[in-house]
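*Asks:* I have a structure here, written as structure tokens, and I will follow up with some questions on it.
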């Protein structure tokens, strides 16, 4: 009888505490720490290896999408290896800004990213609004950003001046939207085996928000 009462109490506590969501956020925090370690390692990595590592990242992203469509989990090892590699390649961007004397811009972008992420997460978690309508809009915006990035490889000037500011601002809005969308979905609970995939989704939103903020601040500074 006592065991059943304890079991009932534990279940009620987990429902009140929202155990799965808080576990998700703990694992997400760990992903950022692993990425930070990767960035420190990136200071020692030969720049020649950065492009192959970017390709590995892209392959892992497409692999995670394929696995997700099949409704299967990816595992923490997959997620954290991706975060570590992402941290390494992130150093090439941060290092470029620091070398130009824009280290303060990097710090400002990081602080703004943390503030925006926390603010949007708290709002989405406590809001009674349904943000599911954002899903389709955000995907269209994401594909548009990817298309512009590909065009920018052949037209470098596309990412400069007013156009560059507009693209980076659009990126900030899109990945802020993804944070709202994801938190509003995950706050109702995440199956334990799907948490690594949810962590990866939040991590990508956080890092891309940081990169677009960094680009926006950098262009404004120039």
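The values are calculated or read from the model by the stated rules, or taken from the named source; none is laboratory data. Here the structure is a predicted model, which is why all the values come from computation and not from measurement. Please note: Cβ atoms are built from the backbone with ideal geometry, for glycine as well, and neighbour counts cover all protein chains shown.
*Asks:* Limited to segment 17-38, what total is found for residues that are assigned to a helix (DSSP H, G or I) and more than 13 Å from residue 200 (Cα to Cα)? Even if it seems obvious, please write down each step before you answer.
*Replies:* So the first thing to find is which residues in segment 17-38 are assigned to a helix (DSSP H, G or I), and the list is 17, 19-38.
From the residues that got through so far, the ones that are more than 13 Å from residue 200 (Cα to Cα) too are 17, 19-23, 33, 36-38.
Within segment 17-38, residues that are assigned to a helix (DSSP H, G or I) and more than 13 Å from residue 200 (Cα to Cα) number 10.
*Asks:* Give all pairs with beta carbons closer than 7 Å in which a residue from segment 95-120 that is at positive phi and surrounded by 14 or more Cβ atoms within 10 Å (Cβ to Cβ) meets a residue that is in a helix (DSSP H, G or I) and modelled with pLDDT of 95 or more; count only pairs at least 6 apart in sequence or on separate chains.
*Replies:* Here the result reads none, with nothing in segment 95-120 linked to a residue that is in a helix (DSSP H, G or I) and modelled with pLDDT of 95 or more.
*Asks:* Without any contact (Cβ under 8 Å) to a residue 12 or more places away in the chain and either more than 21 Å from the chain's Cα centre (by Cα) or on the phi < 0 side of the Ramachandran plot (or both): does that describe residue 126?
*Replies:* Considered against the rule, which asks whether it is without any contact (Cβ under 8 Å) to a residue 12 or more places away in the chain and either more than 21 Å from the chain's Cα centre (by Cα) or on the phi < 0 side of the Ramachandran plot (or both), residue 126 comes out as yes.
*Asks:* Condition check: farther than 16 Å from residue 93 by Cα and modelled with pLDDT of 95 or more. Does residue 33 satisfy that?
*Replies:* yes
*Asks:* Also, I was wondering about something else. Which one of 200, 145, 165 is in a helix (DSSP H, G or I) and within 25 Å of residue 30 (Cβ to Cβ)?
*Replies:* On inspection, the qualifying residue turns out to be 200.
*Asks:* Looking only at segment 160-181, count every residue that is surrounded by 15 or more Cβ atoms within 10 Å (Cβ to Cβ), free of Cβ contacts under 8 Å to residues at least 60 places away in the same chain and within 18 Å of residue 214 (Cβ to Cβ) and tell me the total.
*Replies:* 12
*Asks:* Ok, one more. Of the residues 88, 74, which single one is surrounded by 19 or more Cβ atoms within 10 Å (Cβ to Cβ), touching a residue at least 60 places away in the same chain (Cβ under 8 Å) and over 22 Å from residue 177 (Cα atoms)?
*Replies:* Criteria check complete, one pass: 74.
*Asks:* Pick out the one residue from 45, 59, 41 that is more than 22 Å from residue 99 (Cβ to Cβ), at pLDDT 90 or above and over 16 Å from the mean Cα position of the chain (by Cα). Don't jump to the end; show me each part of the working.
*Replies:* Details: 45 fails: more than 22 Å from residue 99 (Cβ to Cβ); 41 fails: more than 22 Å from residue 99 (Cβ to Cβ).
Just one listed residue meets the conditions, 59.
*Asks:* Can you name the residue in segment 193-215 that is in contact with a helix residue (DSSP H, G or I) (Cβ under 7 Å, 6 or more places away or on another chain) and farther than 25 Å from residue 102 by Cβ and is also surrounded by the most Cβ atoms within 10 Å (Cβ to Cβ) among such residues?
*Replies:* Going through the qualifying residues, I end up with 199.
*Asks:* A further question on this structure: Would you be able to say whether some residue in segment 182-192 is closer than 21 Å to residue 215 by Cβ and part of a helix (DSSP H, G or I)?
*Replies:* There is no residue in segment 182-192 that is closer than 21 Å to residue 215 by Cβ and part of a helix (DSSP H, G or I).
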